[in-house]
Structures are given as C-alpha cells and as structure tokens.
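The values are calculated or read from the model by the stated rules, or taken from the named source; none is laboratory data. None of the values given here were measured: they were computed from a predicted structure. Note that each Cβ is placed from the backbone with ideal geometry, even for glycine, and that neighbours are counted across all protein chains shown.
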Amino acid sequence: MLVNYGMDKMRFGQAVKSGQSVRLSTKLESIANLRGICKVEIKFSIDIKDERKPALTGVATFLYHFE
C-alpha cells in the first residue's frame, strides 16, 4: 500500500504556457524504516523546455506498507 504523506518545500517558479513541453526530474533524498513502514522522500523538479527557471520544485513524502 502506498500513501502520499505530503508535499514540502514547494516553489512555483513560473507558469507553464499552453503547448510548452515539460520534464519531471526526481532524486531519492532519504529512506527510513519506521517500524515496518518505509518512509521515502523524493525531491522533484518540473522543468520547461528552453526555460531557465523550473515551473515547480519540491519534496514529496510517501509511506510504503508491505504485507
């Protein structure tokens, strides 16, 4: 089972205009065992093609429960 535990440090850099291409980049920031539940923090960035500033950056936190 996967639970979205939250979104942190979200920053909106600029708006994405209609027709622009975007790319999602992710990086595993941390992983921890919380008494059988896996807590994962993933840093992400949504970049706009041919633009210097990203559209959105932040950290997504998920909880994974394995049976």
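Here are a few things to note about the model shown:
Residues are listed down the side, and each one gets a yes or a no for (1) of a type in the set (Lys, Arg); (2) in contact (Cβ under 8 Å) with a residue 40 or more places away in the chain; (3) exposed (fewer than 10 other Cβ atoms within 10 Å of the Cβ); (4) over 20 Å from residue 3 (Cα atoms):
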site	(1), (2), (3), (4)
29	no, no, no, no
32	no, no, yes, no
42	no, no, no, no
53	yes, yes, no, yes
62	no, yes, no, no
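- Residues being in a loop (DSSP other than H, G, I, E, B) and either of a type in the set (Val, Ile, Thr) or farther than 13 Å from residue 54 by Cα (or both) - total across region 1-32: 4
- Positions within region 33-67 being among the charged types (D, E, K, R) and either outside any strand (DSSP E or B) or at pLDDT below 95 (or both), in sequence order: 35, 49, 50, 51, 52, 53, 67
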